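Take a look at the structure set out below.
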Amino acid sequence: MRIFVAVVDAGGFSRAARALSVPKSFVSRKVALLEEHLGVRLLNRTTRSLSLTDAGREFHEQAARVVASAEEAERTVTGMRETPSGLLRITAPVEFGIEYLGPVATGFMARYPEVRLDLALTDRTVDLVEEGVDLAIRATSLADSSLIARPLGKARFILVASPKYLAARGVPKRPSDLTAHDAIVYGTVTAKPTWILENKGRKVRVPIKPRQTSTVLALAREAALAGLGIAFLPSFLCVAEIRRKSLVPILERFLPAERAIHVVYPARRHLAAKTRAFLDYLREKMTPPPWEMW
């Protein structure tokens, strides 16, 4: 399996043989034996090109994961650890990164002085391999099956308002009550603004009256704290305010489903000590997830 993965990743038998420091004939024979064992053709070969069959594409995706896991297990068991050093590139959503990744990064660099960090905070989905990024923190569905994902916790959007606002305007008892309230909206201005709530799998669309619209979640939080209306915020962004009771959750029975937060990295990349060290440090500092402790 390792040889087959090397052939596919290198784009040919000769380059794979050089990468593995073995004869080309050895590589070719091992792939042929693998195809014979599986009873299917994995590669289409010509004198000038090499391509995967449908069966080969499916097998490569699974085999690459097995090889990566086996190599990581071997490194762990044999204790092959070099000193974490060099540049580590990390990307995360803007609001999550500001709230949680900054303090983690500071502590990590203090522990590992030979590591330099490049933190790219962006809400777009970064192609880790294409852009040379080592790790990403994502709070969206993981469509790319070639990535290894480690769960960090779960978050959900929640409705919150300040005690001052609720005392003046009343506490909504049902989703339809929101139409009579001022809304602090994250996003862009639309002709018919709505919030989508959920109860026992049933989604409810509620028309809202925006008092403020912003493309920055932190500004929506500040507006809610100032008593300007009800905001729809991710739990990781307002858990501290909820603990201090400066923001109060409302309509908790009608919240959208939780969304998993993962740290992801390329499956076929040979993990460097700096990457392993950061994964371990992140787990240490985010267990339990600080935004789930209320």
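Scanning region 101-158 for residues that are among the basic types (Lys, Arg), open to solvent by 70 Å² or more (accessible area, probe 1.4 Å) and within 24 Å of THR83 (Cβ to Cβ) gives ARG111, ARG116. Considering the conditions (1) closer than 21 Å to ASP280 by Cβ; (2) out of contact with any helix residue (DSSP H, G or I) (no Cβ under 7 Å at 6 or more places or on another chain); (3) at pLDDT 90 or above, THR78 is excluded by exactly one of them, (3). Going through (1) surrounded by 14 or more Cβ atoms within 10 Å (Cβ to Cβ); (2) in contact with a strand residue (DSSP E or B) (Cβ under 6 Å, 6 or more places away or on another chain); (3) modelled with pLDDT under 90 one by one, GLU258 falls short only on (1). If you go through region 44-65 and keep only what is open to solvent by less than 70 Å² (accessible area, probe 1.4 Å), part of a loop (DSSP other than H, G, I, E, B) and of a type outside the set (Gly, Ala, Ser), you end up with just THR53.
For region 1-43, the helices (runs of 4 or more DSSP H) that sit wholly inside it and include 2 or more residues that are touching a Phe, Trp or Tyr at 6+ places or on another chain (Cβ under 9 Å) and surrounded by fewer than 16 Cβ atoms within 10 Å (Cβ to Cβ) are 24-38.
Considered as a group, the residues in region 95-130 that are in contact (Cβ under 8 Å) with a residue 40 or more places away in the chain and among the charged types (D, E, K, R) include one that is nearest to THR287 (Cα to Cα), and that residue is GLU99. Check region 164-181 and report whether any residue there is touching a Leu at 6+ places or on another chain (Cβ under 7 Å), in contact (Cβ under 8 Å) with a residue 40 or more places away in the chain and charged (D, E, K, R). No, because not a single residue in region 164-181 is touching a Leu at 6+ places or on another chain (Cβ under 7 Å), in contact (Cβ under 8 Å) with a residue 40 or more places away in the chain and charged (D, E, K, R). Among residues of region 24-44 that are under 15 Å from HIS60 (Cα atoms) and among the acidic types (Asp, Glu), those with a beta-carbon under 6 Å from a residue that is open to solvent by 90 Å² or more (accessible area, probe 1.4 Å) and not in a helix (DSSP H, G or I) at least six positions away or on a different chain give the pairs GLU35/ARG41.
Scoring TYR265 on the criteria (1) free of Cβ contacts under 8 Å to residues at least 24 places away in the same chain; (2) surrounded by 15 or more Cβ atoms within 10 Å (Cβ to Cβ) leaves a single failure, condition (1). Just for region 210-242: of the residues that are of a type in the set (Ser, Thr, Tyr) and open to solvent by less than 60 Å² (accessible area, probe 1.4 Å), which one is nearest to ALA161 (Cα to Cα)? Among those residues, the one meeting the criterion is SER235. Which ones in region 172-209 are open to solvent by less than 70 Å² (accessible area, probe 1.4 Å), assigned to a loop (DSSP other than H, G, I, E, B) and either more than 22 Å from ALA257 (Cβ to Cβ) or out of contact with any Ser or Thr (no Cβ under 9 Å at 6 or more places or on another chain) (or both)? Passing the criteria: PRO172, HIS181, GLY201.
Just the residues that are β-branched (Val, Ile, Thr) and more than 21 Å from SER146 (Cβ to Cβ), please, taken from region 32-60.
Here is the first cut: in region 32-60, the ones β-branched (Val, Ile, Thr) are 40, 46-47, 53.
Matches in region 32-60: VAL40, THR46, THR47.
The values are calculated or read from the model by the stated rules, or taken from the named source; none is laboratory data. Keep in mind that what you see is a predicted model, and the values were worked out from it rather than measured. Every residue, glycine among them, receives a Cβ derived from its backbone with ideal geometry; neighbour counts consider all protein chains shown. Each accessible area value is taken on the protein alone, full model and side chains, heavy atoms only, with ligands, DNA and RNA left out. Shrake-Rupley method; radii C 1.70, N 1.55, O 1.52, S 1.80 Å.
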